[in-house]
Every structure is written in structure tokens, then in C-alpha cells.
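Trainee: Would you mind keeping the following structure in view while I ask a few things?
The values are calculated or read from the model by the stated rules, or taken from the named source; none is laboratory data. Note that the coordinates shown come from a computational prediction; the quantities given were computed from them, not determined experimentally. Glycine gets a Cβ as well: all are built from the backbone with ideal geometry, and neighbour counts include every protein chain shown. Side chains are part of the model used for accessible areas, which takes the heavy atoms of the whole protein and leaves out ligands, DNA and RNA. Shrake-Rupley method; radii C 1.70, N 1.55, O 1.52, S 1.80 Å.
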Amino acid sequence: MKVLKFGGTSVGSAQRMKEVAGLVASRGKNIVVLSAMSGTTNTLVEISEYLYKKNVDGAKETVNQLEAKYRRIIDELYSLPGSKDKAMDEIKGCFNYIRSFSKDLFTLFEEKEILAQGELMSTAMMTILLQEMGIKVVALPALDFMRTDKNGEPDSGYIRQKLTALLDKFPDADLYITQGYICRNAYGEVDNLKRGGSDYTASLIGAALNVDEIEIWTDIDGMHNNDPRFVENTAPVHELHFEEAAELAYFGAKILHPTCILPAKLNNIPVRLLNTMQPDAPGTLIYNTVSGNGCIKAVAAKDNITAIKIKSGRMLLAYGFLRKVFEVFETYQTPIDMIATSEVGVSLTIDDERNLSRILDDLRKFGTVTIDRDMVIICIVGDLEWQNKGFEAKALDALRELPIRMISYGGSNYNISLLVRKEDKVKALNLLSEHLFNSDSKD
Ligand code: ADP
Ligand code: ASP
Ligand code: MG
């Protein structure tokens with residue numbers, strides 16, 4: 001058994017939904033995880049924003065527009081009038097539920113209920129479509145098994161137990177379908193796994209059932225060697241180690257949600273990235289084996305980074321300085337991404353500025369503090385074990401014409417991070433592709 005997850009664009013229109021239905025119908029008894037149709041979660045966020053601001057008319061208008069779009073899609077999606085009626089009833093129920101929140105106090109709890117409707121609608125529509133095709137499809141409600149604990153972490157014992165019990169109830173199914181992204185929290189309230197979290201759902205289900213493979217189907221043929229939104233002539237990387245994929249996902253390769261890696265890695269389940277629009281393309285296989293022999297495989301970029309430098313005369317030969325600095329970030333629950341040290345100071349980066357002014361106040365007790373905002377981490381990934389020679393020179397040579405604020409290597413065998421200005425990001429990504437992947441000297 002496999003888990004097949006389809007993202008928003010893969011189910012973004014009636015035509016795409018039909019293609020996905022054909023695809024999953026031909027691949028055997030698997031668990032299909034669906035995102036909301038593309039644009040839906042953003043629109044649901046917009047509706048919630050109107051409701052927070054008590055602009056009920058704005059909310060109603062946006063709900064009506066979204067409902068009209070779904071009605072058009074349903075009109076096109078089914079051949080049998082019975083299926084169409086059933087789907088119309090389903091989405092009517094969801095939209096009326098969304099409308100019911102315009103009356104009372106609107107809080108985070110109501111917002112989460114609204115955000116859950118996107119995945120509930122896409123899976124309901126797909127289930128009816130598969131039934132119309134004569135397939136014995138069983139819907140597994142994510143809200144009945146996907147759950148987080150008091151720390152907001154997935155409750156893997158609960159997920160495994162509930163999911164196994166559900167599957168045991170329907171042994172004769174041709175395939176199973178469920179919602180990505182949505183879950184309940186430890187108190188039983190509707191919650192979600194954060195934006196882009198359907199990949200995480202797929203991986204959690206895969207780990208719970210110890211499946212053969214987790215397939216993430218999207219709108220591109222695998223993890224490319226650079227960000228296709230900013231660089232032309234990118235190419236898919238056919239194999240990646242989990243650690244390499246984790247670095248790329250965390251540092252900006254949107255194709256994969258970073259949380260998706262760990263459950264698969266820990267359970268040794270390969271993750272394959274595939275293209276719904278080109279189902280026969282090999283895509284990218286992510287697993288526990290290192291390949292590449294010293295080569296740089298891909299680069300990614302993470303925006304909105306703030307660099308903080310703390311310079312202390314007293315750091316000279318002092319111990320305990322770094323501990324004090326890190327404790328400040330721990331106190332304000334702010335993760336650090338990159339670090340570079342010298343004898344007299346330390347530079348580090350954060351992407352969460354919520355507690356920045358308090359962090360800076362505390363750091364000033366230990367030295368002179370300066371910050372650089374609007375920076376970007378460029379992450380260079382591959383089999384970069386330190387005994388392999390030359391990859392650092394290649395990376396830095398590619399960027400020789402750009403100012404670089406920080407350099408970090410040695411934390412892992414898979415990554416070099418460089419910090420550049422926001423205005424240099426696109427140039428940096430393009431230079432790296434030109435020098436590392438498209439030139440004659442390519443690895
Ligand atoms: P889905 O809706 O299927 O979850 P996403 O939009 O989350 O899809 O991810 C797919 C998108 O990720 C691609 O369309 C592409 O623009 C973007 N992307 C960014 N970096 C990369 C990369 N290195 N390789 C492939 N796609 C990438
Ligand atoms: N629908 C959710 C989102 O747009 C989850 C996902 O697509 O992965 O963020
Ligand atoms: Mg995604």
C-alpha cells in the first residue's frame with residue numbers, strides 16, 4: 001500500500017480532478033490524500049479576515065463568489081445527474097456552515113473550522129467522482145484519526161490506532177481517500193497542520209501504516225535543482241537523501257513541506273515527488289541513501305531573514321558568552337537558522353521577528369548589537385562531506401560578484417548556507433545555476 005497525496009493545483013479544476021481520478025483508479029489499493037482546490041484555502045483565509053474585522057458583507061460576498069466557482073466546477077465534473085446533485089448538496093452544506101460564522105464572536109477556533117472546509121469539499125467531490133466511475137472508494141474522515149497532542153505535535157499512537165481500526169472496517173475497498181492538512185487538537189477541536197500541511201498528513205499516514213512509499217503529486221516533475229519561480233532552465237534532481245531534501249524544503253523549495261521529511265525518514269519510507277500533468281516522468285526519489293559523490297545537487301532560497309551581530313570585546317578567550325546569547329533566543333522561543341562566529345563576536349539569523357526588540361534589548365547586555373534586515377539565505381545542497389574537495393570553491397566562485405553577509409558550512413554533510421541581500425537573491429540563484437548546473441564544468 002502507498003500514500004498518494006495530490007496538491008491544490010492537481011485538483012484545481014474539473015479537468016484536473018478527472019485526471020487525478022483516472023490516475024488513482026489505475027494504481028491499486030492506496031490511500032489518497034487531497035489538498036483543497038488551489039486558491040480555496042487562501043480565499044477561506046480572506047473570508048476569516050473579513051469576519052475578524054466584522055465586515056460581514058465582505059465575507060458574504062467572498063463566500064458567494066467561491067460557492068459560484070464550486071457550482072461551475074461541479075456542473076462540469078460529473079456525467080450523472082445523481083452525482084451532481086449529491087456533490088451540490090455536499091458543498092451547499094459546507095458553504096452554509098461557513099456562512100453560519102458571520103453571526104457571533106469570531107475567534108481562532110471559528111477560523112480553523114472555516115479553513116477545514118476546503119479539504120472537506122475537495123475530498124467529497126472526488127469521492128463522488130470515483131463512485132460515479134464504479135470504484136469502491138472509502139472516505140476516511142481525517143477529523144476522526146488525525147490528531148495533535150498538548151504540545152501541538154502529531155499524536156502518532158492515536159493516529160495509528162484510529163487509522164488501523166478504520167481500515168479494518170473496510171477491507172474490501174478499492175481505495176481510500178482522506179483530507180490533507182486538517183486535524184483535531186488535544187482538546188478535540190478542529191485544527192490544522194499549518195499552511196502547506198497536506199504533505200505532512202501524507203507522511204504521518206505513511207508512517208502510521210508503514211506503507212511502501214509516500215508519493216507527493218504536484219504540478220512539477222520533482223525537486224528541481226533551483227527555484228523554477230526565479231530561474232529558467234532548472235532540471236529535476238532524480239535522487240536525494242532525506243537530509244538533502246529536508247535542507248531544501250526548509251530553506252525554500254516550496255514543492256515539499258519541511259515537516260513531511262521526518263516521519264518518512266524515521267520509518268525508512270521512500271518519498272517520491274511526481275507530476276500529475278506528466279505522470280510518467282521519473283520525478284524525485286527521496287530516501288536514506290547518499291548519492292552524488294561530492295556534487296552539489298540543488299539550491300534554494302529562504303526570504304525574510306534578519307541577521308543579528310553581537311560583538312563583545314570580552315569574548316576574547318571567554319567561555320559562556322555563546323551560552324548567554326543562545327539563552328536569549330531560547331527565552332523568546334525564536335529559532336536560529338544560521339550562525340557564524342569569530343573570536344570577538346557572533347552573527348546569527350532568525351526569520352521570526354515577533355520578539356526582535358526584546359531580543360535586542362537583552363543582547364545589548366553582552367555587547368554591541370547590529371542588525372541587517374531583508375536578507376535571504378541561499379542554501380546549497382548535495383553530498384558535501386568535508387573530505388570531498390572543491391565544492392566550497394565552486395559555490396563561492398559562482399557568487400564572486402555579490403556581497404555575502406555570512407557563510408556557514410560544517411553543521412551538516414549536506415549543506416552550505418550563504419546570506420545575501422534580498423535584492424541579490426534572484427541574481428545569486430541564477431549565478432549558481434549558471435556556474436554549477438548549466439556550465440561545462442558541471443558536476
Ligand atoms: P502543491 O499545491 O501541489 O502542494 P506547491 O505549490 O506547494 O504544490 O509546490 C509546487 C511548486 O513549488 C512548484 O510549482 C514550484 O513553483 C515550487 N518550487 C519551488 N522550488 C522548487 C524546486 N526546487 N523544485 C520544484 N518546485 C519548486
Ligand atoms: N490547503 C492547505 C493550504 O493551502 C494545505 C495544503 O494545500 O497543503 O495551505
Ligand atoms: Mg505544497
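Trainee: Run the paramagnetic zone check for Leu266: 7 angstrom along Cα to Cβ, then residues of the range 113-157 with backbone nitrogen under 15 Å.
Mentor: Flagged as within label range: 147-157.
Trainee: Same structure, new question: Could you tell me what percent of the accessible area of the range 401-443 is made up of carbon and sulfur, with a 1.4 Å probe and every protein chain present?
Mentor: Accessible surface attributable to carbon and sulfur in the range 401-443 totals 46 percent.
Trainee: Moving to a separate point now. Quick one: which of Lys5/Lys169; Lys112/Lys254; Lys60/Lys84; Lys103/Lys254 span more than 30 angstrom between C-alpha atoms?
Mentor: Over 30 Å apart, Cα to Cα: Lys103/Lys254.
Trainee: Same structure, new question: Need the C-alpha centroid separation for the range 265-281 versus the range 76-104, integer Å.
Mentor: 32
Trainee: Stretched out fully, how many nm does the piece from Asp219 to Leu360 gain, at 0.36 nm a residue minus the Cα gap?
Mentor: Stretched fully, the Asp219-Leu360 segment lengthens by 46.6 nm.
Trainee: Out of Asp383, Asp361, Asp199, any idea which swings most in a Gaussian network model of the chain, alpha carbons joined below 10 Å?
Mentor: Asp361
Trainee: Compute the distance from the alpha-carbon center of the range 221-246 to that of the range 338-397, in whole Å.
Mentor: Value for the Cα centre distance between the two parts: 24 Å.
Trainee: Still on this structure: Nearest 10 degrees, 0 to 90: what angle lies between the long axis of helix 14-25 and the longest principal axis of the chain (Cα atoms)?
Mentor: Rounded to the nearest ten degrees, it is 90.
Trainee: Going by alpha carbons, how many degrees (0 to 90, nearest 10) lie between the helix axis of 321-331 and the longest principal axis of the chain?
Mentor: Long axis of 321-331 versus the principal axis of the chain: about 20 degrees.
Trainee: Also: I'd like the orientation of helix 81-99 relative to the chain: the angle between its Cα long axis and the longest Cα principal axis, in ° from 0 to 90, rounded to 10.
Mentor: It is inclined by approximately 50 degrees.
Trainee: Moving to a separate point now. Over the range 165-253, with the other protein chains present, what is the accessible area per residue in square angstrom, probe 1.4 angstrom?
Mentor: On a per-residue basis, 37 Å².
Trainee: Once the other residues with Cβ under 14 Å from the Cβ of Arg99 are scored (Lys, Arg +1; Asp, Glu -1), what is the net sum? Mind dumping the intermediate values first?
Mentor: Values: positive: Lys60, Lys92, Lys103; negative: Asp57, Glu61, Glu67, Asp104, Glu110, Glu113.
Every neighbour counted, the sum reads -3.
Trainee: So between Ile339 and Asp397, what do we pick up on full extension, going 0.36 nm a residue minus the alpha carbon distance?
Mentor: 18.7 nm
Trainee: Figure the gain on full extension for Phe230 and Lys54 (residue separation times 0.36 nm, minus the Cα-Cα span) and round it to one decimal in nm.
Mentor: On the way: separation 176, 0.36 × 176 = 63.36 nm, distance 3.81 nm.
Fully extending the segment from Phe230 to Lys54 adds 59.5 nm.
Trainee: Let me ask something additional. Could you work out which residue, out of Val56, Val20, Val211, moves most in a Gaussian network model of the chain, that is, has the largest mean-square fluctuation with Cα springs under 10 Å?
Mentor: Val56
Trainee: Now, a different point. Please give the FRET efficiency for Cys295 paired with Lys103, using the beta carbon to beta carbon distance and R0 = 60 Å, rounded to the nearest 0.05.
Mentor: FRET efficiency, Cys295 to Lys103: 0.50.
Trainee: Here's a follow-up. With the chain treated as a Gaussian network of Cα nodes joined by springs under 10 Å, which of Leu80, Leu163, Leu129 yields the largest mean-square fluctuation?
Mentor: Leu80
Trainee: If R0 is 22 Å, what FRET efficiency do you get for Glu76 and Met277 from their C-beta distance, rounded to 0.05?
Mentor: 0.75
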